[in-house]
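Take a look at the structure below.
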Amino acid sequence: MNTISSRYNPQTVEDSRRDLWEKDHVFHAQANRKKNPFAIVIPPPNVTGILHMGHALNNTLQDILIRYKRMKGFEALWMPGTDHAGIATQNVVEKQLAKEGKTRHDLSREEFLQRLWDWKKQYGDTIIHQLKKLGSSCDWDRTRFTMDEPYSKAVNTVFIRLYKKGLIYRGRYIINWCPRCHTALSDEEAEHKETQGALYHIRYPLKDDPSEHVIVATTRPETMLGDTAVAVNPKDARYKKLIGKILILPLVNREIRIIADDFVDPQFGTGAVKVTPAHDPNDFQMGQRHDLETINILHEDGRMNENAKQFNGLDRFKARTAVIEALQKENLLERIDEHLHAVGHCYRCHTVVEPYLSRQWFVKMKPLAKPAIRVVKNGQIKFYPERWTKTYLNWMENIRDWCISRQIWWGHRIPVWYCKACGEDRPIVTDQKPGHCPCCRGKDLRQDPDVLDTWFSSWLWPFATLGWPKRSADLKYFYPTSVLFTAPEIIFFWVARMIMAGMEFQKKIPFSDVYIHGTVRDAQGRKMSKSLGNALDPLEIIQEYGADALRFSLIVNSGQDLFIAKEKFEIGRNFANKIWNASRLILMNTTDISTLDLHKNFKKLKTKDLPLACQWILSKLQTTTQDVETAIERFRFSEAETLVYDFIWKNVCDWYLEMVKSRFNEKEVQIVSLYILDQSLRLVHPFMPFISEEIYHNMTSDKKILSLQNWPTIDHRIKNPAMEQSMEGLFAVIAAIRNIRAQWHINNGADLCCILQCSANEYRFFESNFSVLETLAGINDLRLSQAPVKTKDMATALCGKIKIFIPLKGLIDVEKEQKRIETEIENCRHSCENLSKRLNDTSFLKKAPKDVVEKEKTRFAELSAKISELEKTLGDLA
RNA sequence: GGGCGCAUAGCUCAGCUGGUUAGAGCGCUGCCCUCACAUGGCAGAGGUCGAAGGUUCAAGUCCUUCUGUGCCCACCA
């Protein structure tokens, strides 16, 4: 290693480390009675996917936790896999077909599906390979796919169970229809975007008196062709006398009635609403209340159909213009107002969706939501950050039924058959094609052509990946899983539904913690996307900076939403380089020490006899380990990472190594340095697995794998907070001397005398660390003085030398400091008085909750201690 | 319309249950290629913590209002 370049080169390292892990199946986990399980399921990326920054962040977070837990001795399973992503994947393959000038209808269903499977075989693992490049320590042997045979079994089982329970039904309702994908979408799959549109005011003449008319306002004028009523609020005085009258629907000359319905808001538009039951969800409900006819005016591809009369065949948006022109011609268009409103778009292809009346399968959600609400409310499942709990509960409490059928071919075919004789009203719900119809014994059976929403399989992920519906040992051991990591936009699609499925089918929560991370944005705060062209490709970053650098930089920025520009990755790259070089320094100077016996040798050392620098860094190591653990357990990953960064860079490199580099000839210094390196590598490993593995694996003569080593254990006997504090004082003094030296432009080693005036305690401390002080401060004549330095001493010290006199207290303004401490003491006393008043007040003691009282008591004790400490400091100052 | 965030150094952000002198990285200034590292070292400058009130012995932190800004949800056509 000592001959290796001084610059860390991740490209030469990462592939081989990955091979090392894969070859030995290092990350394979199995039901193991001797250990505690810890499981994470990956949010399965789409098979269409290529790695983007969101994935990089999401998977790095998971990897940090799973590697940490693995090192902590858990049987840590990270379950990987991919999602078939129904519409998304079908779209990709249809685009391929389009290049050949074909549509899927030019192929048979089977041929088309074959194309999809071929595609999946060829590209479906792309994302998995890319996740590996990131360093993800998944149990790759278990990689699942949502359309695997056993997984499909789970999907069908769920469908059948819910159907039998009455929680799945089929019916004609208004759903969101994507005219480009030719399929129904769930409410969650229709993205509402603010759009500048127009509010068209149209005159509908009265039948009895064509000179009179009612003006209706609409944002989608073409839907008027399907109107079957006009509705007004029954309390609206303007229209009261018109209720029940007949209007002539312009352009189609259909007679429609004016009805009264509370739904109508008299304040909006003209207070009169055109009712189109086949093309608007509210109108549909009104239609049901008033028994109105539904007239469908659209083909599935968004063109007008024969019901649109002269507009037949026109695309819906062309029809809009045509309808407006026709109305203008007949002088029936009152006016057009600008209008900002939310328009639904397909979440996959961004086409404007149409509310469309069709027969679909639905899941009744309210009964499923109930237990899922309960487990979040009672804290069995916690969200991080906590505020997402509210978002979740709000959605769950207003949940609507879930449209699960999709009119596409790629996905789980709905396990339902229809008998030709008995018709679609008698669906046969079963896993396998039945031999005959159970009611008429007819043999002409046809399976429902539709497939299930892709989320209808994803919501089973935490247990279907573990073998359910089989009662596998894995399921028993690893379920419920521990933490779920995901992005906020997935809470409704996936997280909520997984909780419902878990409660329904396992009677247990699927995971206990949900960590919601931020969205990765560009430097301007825009969401990274291919279409905007602002996306940074993680693979490019890995190529240029290394996977460790990518991981480190993402996490360190990951408090909330991340604003990422390419330069942000330098911090990770530089840190990796720093680790590399610090390791070189240590390894070059510790060749006498066998790494085999490192821990044994270390244990033999008597900490108290070690050089101060060693004692200090060892103590700092304990503190850091403790803090990092706490941070990780609280899911404060960027904090944990910063702690490791500061420990290695600022403590180990900037101070420790600088203090000991001249003493590497001492054996115990070598042992401690090597030990610190060993432990540091363990600390960084969850964050930067490649470089840490590389250094560790190569420095151990028996080629141990770091991924399988233990997390550092904290030895409280080595911990010495008081000494840490003293050392920091020492560092401050050194900095002050250096500053003066710099200001005076005195070179290192110049003839310079420096007298430090310090307290008795400090005197003892500095005296024993004289050489360190001199070396680091660059002073060759350093003197300490407990007494105030007198002019005479100065004069002696100054013979022919440049003078520096630093009263240690001079680092701070003594008077100011005294004042500050005095006020501080006064404040604390005040607080103590208040507290003691309350603690002696019996009514307070009765009323206040126990923990509050306890807290105040602790606070009182703390404050008292603080006061005496402050008083002591004050005494020292004087 | 409802809900949730954010506003702290030139920039990007930490700052958790109020409590020493508000921190980091980048950028900036000065001095250094010293044999681990210039992807580096040392030192330094830079902050009325968005505004106004309030609670408190004590407020960046808690409360109210306002301003700016971002996101999510929602069937006002």
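Please tell me if residue A:169 is farther than 27 Å from residue A:314 by Cα and open to solvent by 40 Å² or more (accessible area, probe 1.4 Å). Steps first, please.
Values: farther than 27 Å from residue A:314 by Cα: yes; open to solvent by 40 Å² or more (accessible area, probe 1.4 Å): yes.
Considered against the rule, which asks whether it is farther than 27 Å from residue A:314 by Cα and open to solvent by 40 Å² or more (accessible area, probe 1.4 Å), residue A:169 comes out as yes.
If residue A:729 passes every condition in (1) loosely packed, with under 14 Cβ neighbours inside 10 Å; (2) at pLDDT 75 or above but one, which one does it miss?
Every listed condition holds for residue A:729 apart from (1).
Do we find a residue being at pLDDT below 95, outside any strand (DSSP E or B), in contact with a strand residue (DSSP E or B) (Cβ under 6 Å, 6 or more places away or on another chain) and closer than 28 Å to residue A:51 by Cα anywhere in the stretch A:111-121?
no
Where in the stretch A:217-326 are there strands (runs of 3 or more DSSP E), lying wholly inside it, with at least 2 residues that are under 44 Å from the mean Cα position of the chain (by Cα) and not charged (D, E, K, R)? Break it down stepwise before answering.
Details: elements: A:229-232, A:246-249, A:254-260, A:272-275.
Where strands (runs of 3 or more DSSP E) fall fully within the stretch A:217-326 and carry at least 2 residues being under 44 Å from the mean Cα position of the chain (by Cα) and not charged (D, E, K, R), they are A:272-275.
Return a yes/no flag: does the stretch A:544-564 have any residue that is open to solvent by less than 30 Å² (accessible area, probe 1.4 Å), touching a helix residue (DSSP H, G or I) at 6+ places or on another chain (Cβ under 6 Å) and among the polar types (S, T, N, Q). Lay out the reasoning, then the answer.
Kept after step one, since they are open to solvent by less than 30 Å² (accessible area, probe 1.4 Å), are these residues of the stretch A:544-564: A:545-555, A:558, A:562, A:564.
Subsequent filtering for residues that are touching a helix residue (DSSP H, G or I) at 6+ places or on another chain (Cβ under 6 Å) retains A:545-555, A:558.
Filter again for among the polar types (S, T, N, Q), leaving A:553, A:558.
Yes, the stretch A:544-564 has at least one match.
Residues in the stretch A:481-494 that are of a type in the set (A, V, I, L, M) and modelled with pLDDT under 95: how many?
Step one: filter the stretch A:481-494 for residues of a type in the set (A, V, I, L, M), giving A:483-484, A:487, A:490-491.
Those left that are additionally modelled with pLDDT under 95: A:487, A:490-491.
Qualifying residue count for the region: 3.
Of all residues being more than 50 Å from the chain's Cα centre (by Cα) and open to solvent by less than 100 Å² (accessible area, probe 1.4 Å) in the stretch A:329-340, which is farthest from residue A:222 (Cα to Cα)? Just the residue, please.
Here is the first cut: in the stretch A:329-340, the ones more than 50 Å from the chain's Cα centre (by Cα) are A:329-334.
This time we only want the ones that are open to solvent by less than 100 Å² (accessible area, probe 1.4 Å), so: A:332-334.
On the way: A:332: 14, A:333: 13, A:334: 16 Å.
Ranking the qualifying residues of the stretch A:329-340, first place goes to A:334.
Mind checking which helices (runs of 4 or more DSSP H) fall wholly inside the stretch A:595-676 and carry at least 2 residues that are under 30 Å from residue A:59 (Cβ atoms)? Outline the logic, then answer.
Numbers: elements: A:598-604, A:612-633, A:637-646.
In the stretch A:595-676, the matching helices (runs of 4 or more DSSP H) lie at A:612-633, A:637-646.
Could you check the stretch A:283-303 and list, in sequence order, the residues that are farther than 14 Å from residue A:226 by Cβ and either surrounded by 23 or more Cβ atoms within 10 Å (Cβ to Cβ) or within 15 Å of RNA strand B (Cβ to nearest atom) (or both)?
Selection gives A:285, A:288, A:289, A:290.
So in the stretch A:327-353, with the set limited to residues that are within 28 Å of residue A:454 (Cβ to Cβ) and assigned to a strand (DSSP E or B), which one is nearest to RNA strand B (Cβ to nearest atom)?
In the first step, residues of the stretch A:327-353 are kept if they are within 28 Å of residue A:454 (Cβ to Cβ); the result is A:342-353.
Filter once more, so that each one left must be assigned to a strand (DSSP E or B): A:342-346, A:352.
Working: A:342: 4, A:343: 8, A:344: 8, A:345: 11, A:346: 14, A:352: 14 Å.
Per the criteria, the residue is A:342.
Go through A:673, A:662 for me and flag whichever is within 16 Å of RNA strand B (Cβ to nearest atom), small (Gly, Ala, Ser), buried (at least 18 other Cβ atoms within 10 Å of the Cβ) and under 27 Å from residue A:8 (Cα atoms).
Working: A:662 fails: buried (at least 18 other Cβ atoms within 10 Å of the Cβ).
Only one candidate passes the filter, namely A:673.
For residue A:485, only one of the following conditions fails: (1) open to solvent by 20 Å² or more (accessible area, probe 1.4 Å); (2) not in a helix (DSSP H, G or I). What is its number?
(1)
Select from the stretch A:6-57 the residues that are of a type in the set (Val, Ile, Thr) and touching a Pro at 6+ places or on another chain (Cβ under 7 Å) and list them in ascending order. Give the derivation first.
Of all residues in the stretch A:6-57, those of a type in the set (Val, Ile, Thr) come to A:12-13, A:26, A:40-42, A:47-48, A:50.
Hits for the stretch A:6-57 are A:41, A:42.
Might you let me know whether the stretch A:368-379 holds any residue that is in a helix (DSSP H, G or I), of a type outside the set (Phe, Trp, Tyr) and within 13 Å of RNA strand B (Cβ to nearest atom)? Give the derivation first.
As a first pass, look at the stretch A:368-379 and keep what is in a helix (DSSP H, G or I): A:368-377.
Narrowing further to those that are of a type outside the set (Phe, Trp, Tyr): A:368-377.
Among the residues that remain, those that are also within 13 Å of RNA strand B (Cβ to nearest atom) are: none.
So far as the stretch A:368-379 goes, no, none of its residues is in a helix (DSSP H, G or I), of a type outside the set (Phe, Trp, Tyr) and within 13 Å of RNA strand B (Cβ to nearest atom).
Mind counting the residues in the stretch A:567-583 that are of a type in the set (D, E, K, R), closer than 17 Å to residue A:10 by Cα and more than 6 Å from RNA strand B (Cβ to nearest atom)?
The first filter runs over the stretch A:567-583 and keeps only residues of a type in the set (D, E, K, R), leaving A:567-568, A:570, A:573, A:578.
Subsequent filtering for residues that are closer than 17 Å to residue A:10 by Cα retains A:570, A:573, A:578.
Keeping just the survivors that are more than 6 Å from RNA strand B (Cβ to nearest atom) gives A:570.
Residues flagged as of a type in the set (D, E, K, R), closer than 17 Å to residue A:10 by Cα and more than 6 Å from RNA strand B (Cβ to nearest atom) within the stretch A:567-583 amount to 1.
Just for the stretch A:394-409: of the residues that are in a loop (DSSP other than H, G, I, E, B) and within 28 Å of the chain's Cα centre (by Cα), which one is surrounded by the fewest Cβ atoms within 10 Å (Cβ to Cβ)? Working first, answer last.
Taking the stretch A:394-409 first, the residues in a loop (DSSP other than H, G, I, E, B) are A:398-401, A:404, A:407-409.
Still in the running and within 28 Å of the chain's Cα centre (by Cα): A:398-401, A:404.
Details: A:398: 8, A:399: 20, A:400: 13, A:401: 17, A:404: 23.
My answer is A:398.
For the stretch A:692-717, what are the residues that are more than 35 Å from the chain's Cα centre (by Cα), more than 16 Å from RNA strand B (Cβ to nearest atom) and surrounded by 15 or more Cβ atoms within 10 Å (Cβ to Cβ)?
Across the stretch A:692-717, the qualifying residue is only A:700.
Working only within the stretch A:233-275, note down all residues that are touching a Lys or Arg at 6+ places or on another chain (Cβ under 8 Å) and near RNA strand B (Cβ under 10 Å from one of its atoms). Steps first, please.
First pass over the stretch A:233-275, keeping only residues touching a Lys or Arg at 6+ places or on another chain (Cβ under 8 Å): A:234, A:244-248, A:250-252, A:255, A:257-258, A:261, A:266, A:271.
Across the stretch A:233-275, the qualifying residues are A:261, A:266, A:271.
How many of the residues making up the stretch A:308-328 are open to solvent by 20 Å² or more (accessible area, probe 1.4 Å) and closer than 30 Å to residue A:85 by Cα?
So the count comes out to 2.
Every residue, every condition in (1) modelled with pLDDT of 90 or more; (2) surrounded by 16 or more Cβ atoms within 10 Å (Cβ to Cβ); (3) more than 24 Å from residue A:79 (Cα to Cα), yes or no:
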site: A:124; (1), (2), (3): no, yes, no
site: A:142; (1), (2), (3): yes, yes, no
site: A:157; (1), (2), (3): yes, yes, no
site: A:176; (1), (2), (3): yes, yes, yes
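Looking only at residues in the stretch A:179-197 that are within 16 Å of RNA strand B (Cβ to nearest atom), outside any helix (DSSP H, G or I) and open to solvent by less than 70 Å² (accessible area, probe 1.4 Å), which one is nearest to residue A:351 (Cα to Cα)? Outline the logic, then answer.
The initial filter retains those residues of the stretch A:179-197 that are within 16 Å of RNA strand B (Cβ to nearest atom), namely A:184-197.
In the following step, the residues that additionally are outside any helix (DSSP H, G or I) were identified as A:184-186, A:190-197.
Narrowing the set further to residues that are open to solvent by less than 70 Å² (accessible area, probe 1.4 Å) leaves A:184-186, A:190, A:195, A:197.
Working: A:184: 13, A:185: 12, A:186: 15, A:190: 10, A:195: 13, A:197: 16 Å.
Checking each candidate, the answer is A:190.
Examine the stretch A:822-841 for a residue that is among the small types (Gly, Ala, Ser), within 9 Å of RNA strand B (Cβ to nearest atom) and at pLDDT 65 or above, and state whether such a residue exists. Can you show your working first?
Narrowing the stretch A:822-841 to residues among the small types (Gly, Ala, Ser): A:831, A:836.
Of the ones still in play, those that are also within 9 Å of RNA strand B (Cβ to nearest atom) are A:831.
Right, trim to at pLDDT 65 or above and you get A:831.
So far as the stretch A:822-841 goes, yes, one or more of its residues are among the small types (Gly, Ala, Ser), within 9 Å of RNA strand B (Cβ to nearest atom) and at pLDDT 65 or above.
Could you grab me the full set of residues in the stretch A:569-593 that are basic (Lys, Arg) and surrounded by fewer than 20 Cβ atoms within 10 Å (Cβ to Cβ)? Can you show your working first?
Let us first name the residues in the stretch A:569-593 that are basic (Lys, Arg), namely A:573, A:578, A:584.
Listed by number, the residues that qualify are A:578, A:584.
Would you pick out the residues in the stretch A:550-566 that are more than 8 Å from RNA strand B (Cβ to nearest atom) and of a type outside the set (Val, Ile, Thr)? Write out each step before concluding.
The first filter runs over the stretch A:550-566 and keeps only residues more than 8 Å from RNA strand B (Cβ to nearest atom), leaving A:550-556, A:558, A:564-566.
Across the stretch A:550-566, the qualifying residues are A:550, A:551, A:552, A:553, A:554, A:558, A:565, A:566.
Identify all residues within the stretch A:555-593 that are outside any helix (DSSP H, G or I) and among the aromatic types (Phe, Trp, Tyr); write none if there are none.
If we filter the stretch A:555-593 for residues that are outside any helix (DSSP H, G or I), which is where we start, we get A:557-565, A:589-593.
The answer is A:563, and nothing else.
Just to check your reading of the model, which residue among A:518, A:467 is assigned to a loop (DSSP other than H, G, I, E, B), open to solvent by less than 50 Å² (accessible area, probe 1.4 Å) and either in contact with a strand residue (DSSP E or B) (Cβ under 7 Å, 6 or more places away or on another chain) or not small (Gly, Ala, Ser) (or both)? First the steps, then the outcome.
Details: A:467 fails: either in contact with a strand residue (DSSP E or B) (Cβ under 7 Å, 6 or more places away or on another chain) or not small (Gly, Ala, Ser) (or both).
Of A:518, A:467, the one residue that is assigned to a loop (DSSP other than H, G, I, E, B), open to solvent by less than 50 Å² (accessible area, probe 1.4 Å) and either in contact with a strand residue (DSSP E or B) (Cβ under 7 Å, 6 or more places away or on another chain) or not small (Gly, Ala, Ser) (or both) is A:518.
The values are calculated or read from the model by the stated rules, or taken from the named source; none is laboratory data. Every value quoted in this text rests on a predicted model; they were computed, and no experiment measured them. So basically every Cβ, Gly included, is an ideal-geometry build from the backbone, and we count neighbours across all protein chains shown. In case anyone asks, the SASA skips ligands and DNA or RNA and just uses the protein heavy atoms, side chains included. Shrake-Rupley method; radii C 1.70, N 1.55, O 1.52, S 1.80 Å.
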